[in-house]
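Asker: To start, I am sharing the structure in question, which I have written as structure tokens.
The values are calculated or read from the model by the stated rules, or taken from the named source; none is laboratory data. These numbers were taken from a predicted model, which means no experiment stands behind them. Note that we place each Cβ from the backbone using ideal geometry, even for glycine, and neighbour counts take in every protein chain shown. Note: areas computed on protein heavy atoms with side chains; ligands, DNA, RNA excluded. Shrake-Rupley method; radii C 1.70, N 1.55, O 1.52, S 1.80 Å.
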Amino acid sequence: MKYHNSPKIKKRYSAQRRFVHTLIKTILILILLVIAAGIISFGYYAKTQIDRLPDISQVSIRPTGANTKVVDSDGNVLTDLSAAGANSKYISLDKIPKNLQHAFIATEDSRFYEHNGIDLRSIIRAAFSGLANGGHFSQGASTITQQLLKNNYFSNQTRKNTFSDRLDRKIQEQYLAVQLEKVTSKDKILESYLNTINLGQNTLGVEAAAQRYFNKDVYDLSLSECTVIAGIIKNPTKYDPVTHPKNNAIQRERVLKNMLDQGYITKKAYQTAMDDDVYSRIASVNSDHGEEASSYFIDALTDQVVSDLVKELGISRTEAYMKLYNGGLTIHSTQDVSVQQTVDDEINRKKNYAGGTKYSMSFSLTVDKENGTTKNYTEQTMLKAYRKRDKNYTLNYSSRKEAEEAYEAYKKQVTADGKIPEGGENVVYTLQPQAAMTVIDQRTGQVKAISGGRGKKTGSVNLNRATDITRQPGSAFKVLAAFAPAIDAGGMTLASVEDDAPELYENGREVKNYDGHYHGFTTIREAITDSINVVAVKTLTDIGTGLGYQYVKDFGFSTLEEGDNNQALALGSLIKGVKNIELTAAYAAIANGGYYKRPVFYTTVEDSTGKVILNTTDDKGRRVLKKSTAWLLTSAMKDVMTKGTGQKADFKGMTLAGMSGTSESSSDTQFAGFSPYYTCVVWGGCDDNSAQEDTSYSETIWKAVMRRINKGRKYRGFERPDDIVTALVCKKSGKLPEENVCDHDPRGSMVYNEFFTKDTVPTETCDHHVKLSICRVSGLPAGDFCPKSDIVDKVFITGGSPDTDDEKYMIPAEDTKRICDVHVAPTPPEAAKKNRNQIVLK
């Protein structure tokens, strides 16, 4: 029987189908209603945002706003920041090369001449990308028109970095972009854009950038030079052609490729530009800028404020830059003017440099050769040429006159078959050795003073050696990379010993102590006090280089490479080196009981209405060391000051802890240390990395500054944690001393009182000393037949190494198992008397 053909079944199936069809229709209608409601709601929402905007006639695309005020830690005005002070110059579009115009269009807005202010293709692409990234919309959707409005109109507005705020801003920005293009020509929009964009090194606009990087007017730029400048726009810090030429070169190639693909240049022009050695003629320094708002502290402050505005408000760097110089902000800096004055005084005091002062040069020289080619020369080409004749030649001269004469001689040589075009020469003379210094209040992380170099600071573009360069930390890294992790997580103590003896790195290279001397068994305290290289390397090797590498990363160093994860890390021998400010912050973490705090140059930033938009005072920091570890390291570094390598930096009247550091070639000198009030690190070296005969000036400057800024402050020590105890140990083993043994070492007692945490007090007895009864005749352990009158008790070192201070006090392990080979049987009285006259002492 086929029941499905019955009328009842057919009726039931028909009713089910009608229900399903009705349900689907209902769902589709509901979806359409929801979509329609969403569109209507969004349209209404968008209209409310648009209604808040002024008429387009009231919107200016020229920068407007008020100057930003910077005040010191006492509330006194330090300086005003304005677009004028930021190095800007407005220039008409007809003075801007077509190549530069096209470079920016090809990079930032390839459909600039086609769209009406917004690019729907880019919007759709960015919308999908933004939704997939949690509402963070890509800057790639912004046209040049929108960027212009962001920079010059919206930059004065303060909003929170939320999805809602970003959406509101995007709606308003796109609406105004369309309206602006109805009343403003493309050329005028492009002209305003190119005159107000942030192009790094404190420059606004392409004319200022042309002067900054190439020391020439914008209309004289070549295609190659245009693409260098256009390559900066994506990230003015990352793609700065002065500090990051390799990064800029990557962007420059992309710009050229875009221009080629979009038909702005020919293949020949592309190749000519690619072949141009453009970076050799970029001015690394420029002496033509004024001194307004140009202190090293202000430079670092503005960089940090811009970065924090980008991070906290979710705006672009260009918007942040415009807000800084046009937003009428009030920046409450951390600078203590009296501390800053002290730093400036001592950095520039010539008598602090015991090795004397020399002069070096930095120059860029372009020569148009008679054969039609163009050659670029710098101090590096000069150095390379002269070192072919004299491998020890340096660019450091005994006087400025001598430096000038050397430059003129080189210039005469390279211009013999050519001439220098207008704007093709730029030279600056600099004092050597150079120095940098940072002073931080370790309790807050606030930078109280900074110096990026000695000598007159000629402008805001000067190299800030405290924040912008990396140099080798040398032995100042031992505490951070080896001893801190060893005590904090490696199971070691200040009493733990390593055998300071001739040693090789895993790659076969010799590990050398700075004085060529080896001490034998040495405690970590002694190794810190006397800066012993072998002990540092062995300690790091024992705990694993990976642990040390992780600790120094936790200390806030941003310039480490994976290749630094090796044994040389213990001695601060790094691929790139470290920044002075980051080394100071790392030592400040030890001074602050193990809490690291980001070094900050401001406490709060207020907008033009007085609303706080940035605040660093809430930063609680992060723990990078146990409090006990920080205190133990401080205890050892106090010894550095009173009886170790830092004695030249010590002074009475304040508790001090510190660590010196010198790179392997003596091209870098460091002194890092702290009082209970301030942490300070001084770096010194020549800009060309040449070796130095005297490196003591880092200690001299540190002492002079710290003595002055700590004067009048209450004398106090570093707070001792509750879990710190003392115990007597043997300094040759780091373990409990054996009575009448460790205190009877031939050199004197090796028993001393050391600090430990309660859970690390040694429980084992010394295993590096042994007391033996020695036969004076054979020099071996006494046997049963040795006369008592020939037996003496002696204390030896066991397990040590030759070529060390321990060697002459050691007894070979095999000898401890032997017995006297002279007295092998009972000795008659007359023979015993004769033997006593032939005593052999070993």
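Asker: For region 218-230, give me the residue count where each residue is touching a residue at least 60 places away in the same chain (Cβ under 8 Å) and open to solvent by less than 10 Å² (accessible area, probe 1.4 Å).
Answerer: Adding up the residues that qualify gives 5.
Asker: Here is a check on your reading of the model: is Lys216 part of a loop (DSSP other than H, G, I, E, B), under 17 Å from Arg281 (Cα atoms) and either of a type in the set (S, T, N, Q) or at pLDDT 85 or above (or both)?
Answerer: When the stated conditions are applied, Lys216 passes them.
Asker: Another one. Taking the residues in region 577-603 that are among the hydroxyl-bearing types (Ser, Thr, Tyr) and in contact (Cβ under 8 Å) with a residue 40 or more places away in the chain as candidates, determine which candidate is farthest from Ile450 (Cα to Cα).
Answerer: Tyr596
Asker: Okay, next question. I'm told Lys268 meets every condition in (1) surrounded by fewer than 19 Cβ atoms within 10 Å (Cβ to Cβ); (2) in contact (Cβ under 8 Å) with a residue 60 or more places away in the chain; (3) not in a loop (DSSP other than H, G, I, E, B) except one. Can you identify the failing condition by its number?
Answerer: Among (1) surrounded by fewer than 19 Cβ atoms within 10 Å (Cβ to Cβ); (2) in contact (Cβ under 8 Å) with a residue 60 or more places away in the chain; (3) not in a loop (DSSP other than H, G, I, E, B), Lys268 violates only (2).
Asker: Of all residues in region 225-271, which are within 25 Å of Asp468 (Cβ to Cβ) and of a type in the set (Gly, Ala, Ser)?
Answerer: Across region 225-271, the qualifying residues are Ala230, Gly231, Ala249.
Asker: Let me ask something else about it. Name the residues in region 362-401 that are surrounded by 20 or more Cβ atoms within 10 Å (Cβ to Cβ), outside any loop (DSSP other than H, G, I, E, B) and among the aliphatic types (A, V, I, L, M), would you?
Answerer: Leu365, Val367, Met382
Asker: Now a separate question. Based on this model, can you work out whether Ala495 counts as hydrophobic (A, V, I, L, M, F, W, C) and either under 17 Å from Thr634 (Cα atoms) or surrounded by fewer than 24 Cβ atoms within 10 Å (Cβ to Cβ) (or both)?
Answerer: Yes; evaluated as a whole, the condition is true for this residue.
Conditions (1) of a type in the set (A, V, I, L, M, F, W, C); (2) in contact (Cβ under 8 Å) with a residue 60 or more places away in the chain; (3) within 29 Å of Leu431 (Cα to Cα), marked per residue:
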{"position": "Val682", "(1), (2), (3)": "yes, yes, yes"}
{"position": "Ser698", "(1), (2), (3)": "no, yes, yes"}
{"position": "Pro721", "(1), (2), (3)": "no, yes, no"}
{"position": "Asp745", "(1), (2), (3)": "no, yes, no"}
{"position": "Asp767", "(1), (2), (3)": "no, no, no"}
{"position": "Pro787", "(1), (2), (3)": "no, no, no"}
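Asker: Moving to a separate point now. Output yes when any residue across region 189-204 is closer than 21 Å to Val306 by Cβ, part of a loop (DSSP other than H, G, I, E, B), touching a strand residue (DSSP E or B) at 6+ places or on another chain (Cβ under 6 Å) and modelled with pLDDT under 90, and no when none is.
Answerer: No, region 189-204 contains no residue that is closer than 21 Å to Val306 by Cβ, part of a loop (DSSP other than H, G, I, E, B), touching a strand residue (DSSP E or B) at 6+ places or on another chain (Cβ under 6 Å) and modelled with pLDDT under 90.
Asker: Identify, by number, the condition in (1) modelled with pLDDT under 90; (2) touching a strand residue (DSSP E or B) at 6+ places or on another chain (Cβ under 8 Å) that His289 doesn't meet.
Answerer: Condition (2) is where His289 drops out.
Asker: Considering each of Gly658, Gly621 in turn, give the residue that is under 30 Å from Asp308 (Cα atoms) and either in contact with a Gly (Cβ under 8 Å, 6 or more places away or on another chain) or touching a residue at least 12 places away in the same chain (Cβ under 8 Å) (or both).
Answerer: So the residue among Gly658, Gly621 that is under 30 Å from Asp308 (Cα atoms) and either in contact with a Gly (Cβ under 8 Å, 6 or more places away or on another chain) or touching a residue at least 12 places away in the same chain (Cβ under 8 Å) (or both) is Gly621.
Asker: For a quick check of your reading of the model, give me the residue pairs whose first member lies in region 801-816 and is without any contact (Cβ under 8 Å) to a residue 60 or more places away in the chain, whose second is of a type outside the set (A, V, I, L, M) and open to solvent by less than 60 Å² (accessible area, probe 1.4 Å), with beta-carbon atoms closer than 6 Å and at least 6 apart or on different chains.
Answerer: Going by the 6 Å Cβ cut-off, the qualifying pairs are Met810/Gly800; Ile811/Phe796.
Asker: If a residue must be under 37 Å from the mean Cα position of the chain (by Cα) and open to solvent by 40 Å² or more (accessible area, probe 1.4 Å), how many such residues does region 92-101 contain?
Answerer: The qualifying residues number 1.
Asker: Here are Gln304, Gln340, Gln335: which of them is modelled with pLDDT of 95 or more and part of a loop (DSSP other than H, G, I, E, B)?
Answerer: Just a single option satisfies the conditions, and that option is Gln335.
Asker: Confirm whether Glu108 is at pLDDT 85 or above and more than 15 Å from Tyr193 (Cβ to Cβ).
Answerer: It is false that Glu108 is at pLDDT 85 or above and more than 15 Å from Tyr193 (Cβ to Cβ).
Asker: While we're here: Against the condition open to solvent by less than 30 Å² (accessible area, probe 1.4 Å) and polar (S, T, N, Q), how does Ser295 come out, does it pass?
Answerer: no
Asker: Would you point out which residue out of Arg747, Arg836, Arg818, Arg776 is modelled with pLDDT of 95 or more and more than 45 Å from the chain's Cα centre (by Cα)?
Answerer: Arg747
Asker: OK, next. Within region 213-251, track down each residue that is closer than 20 Å to Thr143 by Cα and charged (D, E, K, R).
Answerer: The one that is closer than 20 Å to Thr143 by Cα and charged (D, E, K, R): Lys234.
Asker: Output the number of residues of region 164-217 satisfying the condition of being farther than 24 Å from Lys98 by Cα, crowded, with 18+ Cβ neighbours inside 10 Å and of a type in the set (Ser, Thr, Tyr).
Answerer: Residues that pass the stated criteria total 1.
Asker: Collect the residues in region 307-332 that are open to solvent by 20 Å² or more (accessible area, probe 1.4 Å), of a type in the set (Gly, Ala, Ser) and modelled with pLDDT under 85, keeping them in residue-number order.
Answerer: Ser316
Asker: Among the residues of region 515-538, write down those that are in contact with a strand residue (DSSP E or B) (Cβ under 6 Å, 6 or more places away or on another chain) and hydroxyl-bearing (Ser, Thr, Tyr).
Answerer: Answer for region 515-538, where residues must be in contact with a strand residue (DSSP E or B) (Cβ under 6 Å, 6 or more places away or on another chain) and hydroxyl-bearing (Ser, Thr, Tyr): Tyr518, Thr522, Thr523.
Asker: Among the residues of region 743-767, write down those that are closer than 22 Å to Leu632 by Cβ, surrounded by 14 or more Cβ atoms within 10 Å (Cβ to Cβ) and not aliphatic (A, V, I, L, M).
Answerer: Tyr752, Glu754, Phe755, Phe756, Thr757, Thr760, Pro762, Cys766
Asker: Checking Arg443 against (1) modelled with pLDDT of 95 or more; (2) open to solvent by 50 Å² or more (accessible area, probe 1.4 Å); (3) part of a helix (DSSP H, G or I): exactly one of these is not met. Which one?
Answerer: Arg443 satisfies all of (1) modelled with pLDDT of 95 or more; (2) open to solvent by 50 Å² or more (accessible area, probe 1.4 Å); (3) part of a helix (DSSP H, G or I) except (3).
Asker: If you don't mind, another one. Would you tally the residues in region 763-783 being part of a loop (DSSP other than H, G, I, E, B) and under 13 Å from Asp745 (Cβ atoms)?
Answerer: Residues meeting the conditions: 2.
Asker: Report whether or not Val427 is in a strand (DSSP E or B), out of contact with any Lys or Arg (no Cβ under 7 Å at 6 or more places or on another chain) and surrounded by fewer than 24 Cβ atoms within 10 Å (Cβ to Cβ).
Answerer: Answer is yes for this residue.
Asker: Which of the residues that make up region 601-633 are surrounded by fewer than 22 Cβ atoms within 10 Å (Cβ to Cβ) and either of a type in the set (Val, Ile, Thr) or assigned to a strand (DSSP E or B) (or both)?
Answerer: Within region 601-633, Thr603, Thr604, Glu606, Thr609, Val612, Ile613, Leu614, Asn615, Thr616, Thr617, Arg622, Arg623 qualify.
Asker: Within region 784-813, take every residue that is closer than 24 Å to Met750 by Cβ and in a helix (DSSP H, G or I) and give me the one that is most open to solvent (accessible area, probe 1.4 Å).
Answerer: Here the answer is Lys808.
Asker: Do you know which of the residues in region 713-742 that are open to solvent by 40 Å² or more (accessible area, probe 1.4 Å) and basic (Lys, Arg) is nearest to Trp631 (Cα to Cα)?
Answerer: Only one residue tops the list, namely Arg720.
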